[in-house]
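All remarks here apply to the structure that follows.
The values are calculated or read from the model by the stated rules, or taken from the named source; none is laboratory data. Model, not experiment: these values are computed from the prediction. Positions of Cβ are backbone-derived with ideal geometry, glycine not excepted, and every protein chain shown enters the neighbour counts.
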């Protein structure tokens, strides 16, 4: 299930949606009808929603959505000519179009927040690394949100979702985070947390892989993640990895506690590398590391 309905920043008319995305509106005189939310499951429809079903749609599903208060529905073009009790947008939208529409309805939070994405081979490790990175960004003084199957948060507020998240869920979560005052969100890019194309219309500022890679693998990992999840990024965005070239961190990591914990040290080193890739100065990183040691 996936929806955009909490913390909505905009309402859109059907005419504006049809005009922007090239969809066909039936009937044409419904151009002034406004929708205030999106839902792809009839169980998630709220009054004022645009129902955007995933996959084939049945008449009972449409009737359920209408009964729940949907103001309109988006249906495939092969259903043109049907008789509907609510206005219909006839379209065969791409994943990118659905993402842009969801982002627009939510106030484009994915272009405002600083977005950190962590990918890896093992979902449990990616999610653990997301937690560690979120903690370190908080130590740096950032209000932080996180999206992870292990538990999504906006600041300290738990976000209740079914996983994996769809594109509507992600936009809803980012919008909630933005309204709560979050300025950085950390996302686990694993198949437990995210469905295909879940990050459409989300601009990623820092992309990391929580493992060491062989020469030439970084571009492959980035392209694979971008193809699966659909995020956008500035041209030339480099993949941040577990690099052995972190000698300047050694004094902070090795003295962090008296018990050797290579896994914890590795996660901390990666979190620092991600923050550094975002443009945080070394002096600020040093201060945050000292705070974690209890020396500041």
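For the reader, a short list of remarks on this structure follows.
- Filtering region 193-219 to residues that are in contact (Cβ under 8 Å) with a residue 24 or more places away in the chain and over 13 Å from residue 229 (Cβ atoms) leaves 205, 206, 208, 209, 210, 211, 212, 213.
- Applying the criterion of being touching a helix residue (DSSP H, G or I) at 6+ places or on another chain (Cβ under 9 Å), free of Cβ contacts under 8 Å to residues at least 24 places away in the same chain and outside any loop (DSSP other than H, G, I, E, B) to the residues of region 67-88, the residue that is farthest from residue 30 (Cα to Cα) is 67.
- Scan of region 189-203 for residues that are crowded, with 24+ Cβ neighbours inside 10 Å and either in a strand (DSSP E or B) or assigned by TED's automatic domain parsing to the domain that holds residue 10 (or both), ordered by number: 189, 194
- Test set (1) touching a residue at least 60 places away in the same chain (Cβ under 8 Å); (2) in a loop (DSSP other than H, G, I, E, B); (3) surrounded by 21 or more Cβ atoms within 10 Å (Cβ to Cβ); (4) in contact with a helix residue (DSSP H, G or I) (Cβ under 6 Å, 6 or more places away or on another chain) - residue 186 fails condition number: (2)
- For residue 96, the stated conditions hold: it is surrounded by fewer than 22 Cβ atoms within 10 Å (Cβ to Cβ), at pLDDT 95 or above, closer than 30 Å to residue 142 by Cβ and out of contact with any strand residue (DSSP E or B) (no Cβ under 6 Å at 6 or more places or on another chain).
- Scanning region 272-284 for residues that are touching a residue at least 60 places away in the same chain (Cβ under 8 Å) and part of a helix (DSSP H, G or I) gives 272, 273, 274, 275, 277, 284.
- Scanning region 44-66 for residues that are surrounded by fewer than 19 Cβ atoms within 10 Å (Cβ to Cβ), more than 18 Å from residue 93 (Cα to Cα) and in contact with a helix residue (DSSP H, G or I) (Cβ under 8 Å, 6 or more places away or on another chain) yields a count of 2.
- Within region 30-57, the set of residues being under 22 Å from the mean Cα position of the chain (by Cα), closer than 12 Å to residue 73 by Cβ and assigned to a strand (DSSP E or B) comprises 38, 39, 49, 50, 51.
- The one condition from (1) touching a strand residue (DSSP E or B) at 6+ places or on another chain (Cβ under 9 Å); (2) within 19 Å of residue 54 (Cα to Cα); (3) in a helix (DSSP H, G or I) that residue 110 does not meet is (2).
- Note on region 205-231: residues that are surrounded by fewer than 17 Cβ atoms within 10 Å (Cβ to Cβ) and within 23 Å of residue 98 (Cβ to Cβ) total 3.
- In summary, strands (runs of 3 or more DSSP E) completely within region 116-171 and bearing 1 or more residues that are buried (at least 24 other Cβ atoms within 10 Å of the Cβ), assigned by TED's automatic domain parsing to the domain that holds residue 189 and at pLDDT 95 or above occur at 144-147, 152-154.
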